[in-house]
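One structure is given below, encoded as structure tokens.
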Amino acid sequence: MITGQSTRLRSYLPPRFLARIMDDRCIRCQVCVRQCGWEALYYDERNDCINSTEANCTGCHRCVALCPTHAIWIEERPLQYRPNFNWRPEAIEDAMQQAESGGIILTGMGDDKGQTIYWDKLVLNASQVTNPSIDPLREPMEVRTYLGRRPDTLDIDYGSMKLRSPLGPLRTLEVPIMFSAISYGALALQVQEGLARAATEMGTFWNTGEGGLHRSLYPYRDHTIVQVASGRFGVSREYLDNSGIVEIKIGQGAKPGIGGHLPGNKVTAEVAATRMIPMGTDALSPAPQHDIYSIEDLRMLIYALKEATNYTKPVSVKIAGVHHAAAIASGIARAGADIIAVDGLRGSTGAAPKIIRDNVGIPIELALASIDHRLRQEGIRNQVSLVCAGGIRNAGDVVKAIALGADAVYIATAALIAVGCHVCQGCPSGRCSWGITTTDPHLAKRQNPDLAARRLANLLKGWEHEIKEMLGGMGINSLESLRGNRDHLRGVGLSDTELQILGVRHAGM
């Protein structure tokens, strides 16, 4: 998607996908035509067949999934260019798009380039003889974790067995996985309700993102994280009161250093009312938080939010994984935050400049490891909980993240895939055929909150079972025993510098 001038030149760009229809299977029911939010398919009455407008197809596979006779498949249809290592097809076509529009190329989801995925370069230990494994089906396995500031020491009255040490507000996660920030407007309300209900059922949290909190979701307040971002969309005393955790958003992995952007075509009357902005206008949050130009300013905002919520809710600060993230995290911990959330290079978004998404930031694995190491070095690791995000795909990634130092993880793309997303990256358009990243009421109603909640809860249940299996295989019966325990990790095919940053040894050692 391009933002920029409205007058467009004739396009030289080839269609990216081609919808193939097997005529002998097609029954002309036109389900595919009605389900395509991109208007890529149409019924040709004269010839009694389904045809495609190839330039509109994004490869979202909605037609494939719903065709009752399995008569459709989607093929990639790239134009064959003369081979050139420097000018690959994507670079050529990006230049063509901008030559035609004079605007910024917007895209959704996360970075799809070939940067190293360190989760795939890390392997876990397993117990054998001297340290026997544990069977999670027959023995208790603790995967509960807590978010919030922990004391360095505990003063216990052993007579009454009561804790004398004052504790700040803590939040319990029955599984170490939360649903990451995806704002209302970027996401259909039906999907947000599914996230909220699944989080409540599974004893975890979902995050509103920077789009405010729709009133219909107030009943899920105890499992809701609300964001205070640079645009302060929807922020009010009522907003803060209807939450379990308050998160200050400074940055995110898909677009470090720049603000948020919700295209005006997605700002309906309901979205506008929730965000407290005019209907139909682009929701542009500033790049900087204008309250924050120093660690001292950040401290003032943290304590302003604590005061506003009577010190009953943990305050989180979310940053992007960037150079010196460890030093930044140290400052955040000393500024009084209870939780630090760090989002890496592969983090997704509803809309971001493609050039930023693909070139700015660092992988979450390196950011997480360096932050955990720095906080431990300085003796302040217990002062904050650490949450990581940006490319968490499965339970294996979760376990490796905890071994690198995370208390919990955020997931977003995996959650959207669970409710039907096929990662076609057309999120900014608002035409999502699956009814996920859209505010069009005709499309959004394709998402049933009951079914979305069921799918999302099932995803977390499946991951929870796998986490317990992996912990048992390592001879560990508690998530807390794994947190930051890098002896359970080994690297494969990594350089000495990468191993040093990650704090792990090479496999075989």
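The values are calculated or read from the model by the stated rules, or taken from the named source; none is laboratory data. Note that the structure is a prediction, hence the values are computed from the model and not measured. For neighbour counting, all protein chains shown are included, and Cβ atoms are generated from backbone atoms with ideal geometry for every residue, glycine included.
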Which one is farthest from the chain's Cα centre (by Cα) among residues in the range 155-189 that are β-branched (V, I, T) and at pLDDT 90 or above? T172
I'd like to know if the range 116-128 contains one or more residues that are over 17 Å from K468 (Cα atoms), within 20 Å of the chain's Cα centre (by Cα), touching a residue at least 40 places away in the same chain (Cβ under 8 Å) and assigned to a loop (DSSP other than H, G, I, E, B). yes
Return the only residue of Y43, Y81 being over 32 Å from the mean Cα position of the chain (by Cα) and surrounded by 15 or more Cβ atoms within 10 Å (Cβ to Cβ). Y43
Residue that is over 21 Å from the mean Cα position of the chain (by Cα) and surrounded by 20 or more Cβ atoms within 10 Å (Cβ to Cβ), where the choices are G493, G426, G472: G472
Determine which member of the set T274, T208 is farther than 26 Å from R346 by Cβ and assigned by TED's automatic domain parsing to the domain that holds D297. T274
Within the group A99, A91, which residue is over 28 Å from the mean Cα position of the chain (by Cα) and among the small types (G, A, S)? A99
Checklist (1) within 29 Å of A412 (Cα to Cα); (2) without any contact (Cβ under 8 Å) to a residue 60 or more places away in the chain; (3) of a type in the set (A, V, I, L, M); (4) buried (at least 19 other Cβ atoms within 10 Å of the Cβ) applied to A71, failing item: (1)
If the requirement is being outside the structural domain of C388 (by TED's automatic domain parsing) and of a type outside the set (A, V, I, L, M), which of these qualifies: P140, P151, P166, P219? P140
Would you pick out the residues in the range 175-214 that are over 29 Å from A287 (Cβ atoms) and outside any helix (DSSP H, G or I)? V175, P176, I177, G203, T204
So, in the range 312-362, how many residues would count as being buried (at least 24 other Cβ atoms within 10 Å of the Cβ), closer than 18 Å to D407 by Cα and β-branched (V, I, T)? 6
